[in-house]
Amino acid sequence: GPMFELTVRDHLMIAHSLPGEFFGPAQNLHGATLVAEVTWRRPALDEHGVVLDIGEAAARLREVLAELDYRNLDDHPAFAGRPSTTEHIAHHIAHALAAVMDLSDFSGLDVTLREHPDAWATYRMPL
């Protein structure tokens, strides 16, 4: 059926390494600036005629990204036991947003992380 979407964007700077031959030179500690785009989806607008207040959306995203920003993800508890790949970081951001927001009126949340203009990964979370 019909769906409304709102997307906000922010960015974060991280350091990390990705162990294993599969990752080639990314096995070494390196920095990355990731652009995070989050889309909230719902079939009907709220009583104000919006998907979500843009300021609220931006503030919640910043709150979640602040936990990762300027951090070495090799030492971050969220990535203990799993590599901090772009895909895993997107998954983490989606679930962290779900933990700080009431998403009961939403049908989905997408997190797209752009590594650079030519490559990105998305985690889609149905709600």
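The values are calculated or read from the model by the stated rules, or taken from the named source; none is laboratory data. Predicted model, so just to flag it, every value in this text is computed and none were measured. Because the Cβ atoms are built from the backbone with ideal geometry, glycine has one as well, and the counts that use them run over all protein chains shown. Note: areas computed on protein heavy atoms with side chains; ligands, DNA, RNA excluded. Shrake-Rupley method; radii C 1.70, N 1.55, O 1.52, S 1.80 Å.
Numbers for the structure displayed
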quantity: ARG82 accessible area, 1.4 Å probe, all protein chains in place, Å² to nearest 10; calculated: 60
quantity: Longest exposed-site-free window of the chain, the sites being GluC sites (Glu not before Pro) in a DSSP loop that have at most 14 other C-beta atoms within 10 Å; calculated: 68-127
quantity: Degrees separating the helix 86-100 axis from the principal Cα axis of the chain, which is the longest one; calculated: 40
quantity: Structure-derived Kirkwood radius over Cα pairs in Å - corresponding label in (i) 17.2; (ii) 15.3; (iii) 14.8; calculated: (ii)
quantity: Spin-label pair ALA80/ARG124, simplified geometry with 7 Å Cα→Cβ offset, distance in nm; calculated: 3.3
quantity: Length gained when the stretch GLU21-ALA44 is fully extended (0.36 nm per residue, less Cα-Cα span); calculated: 3.6 nm
quantity: Candidates LEU18, LEU68, LEU34, ranked by Gaussian network fluctuation over the chain, Cα under 10 Å, top entry; calculated: LEU18
quantity: Centre separation in Å (Cα based) which lies between region 97-120 and region 30-90; calculated: 6
quantity: Sparse-neighbour loop sites [chymotrypsin sites (Phe, Trp or Tyr not before Pro); region 44-127; at most 15 other C-beta within 10 Å; DSSP]; calculated: TYR70
quantity: Extension gain from MET3 to ILE54, taking 0.36 nm per residue of separation minus the Cα-Cα distance; calculated: 16.6 nm
quantity: Relative contact order, percent, region 16-120 [alpha-carbon distance under 8 Å, six or more residues apart]; calculated: 40
quantity: Computed [θ] at 222 nm, helices only, for the chain once each DSSP H run of length n ≥ 4 contributes -39500 (n - 2.57); calculated: -7000 deg cm²/dmol
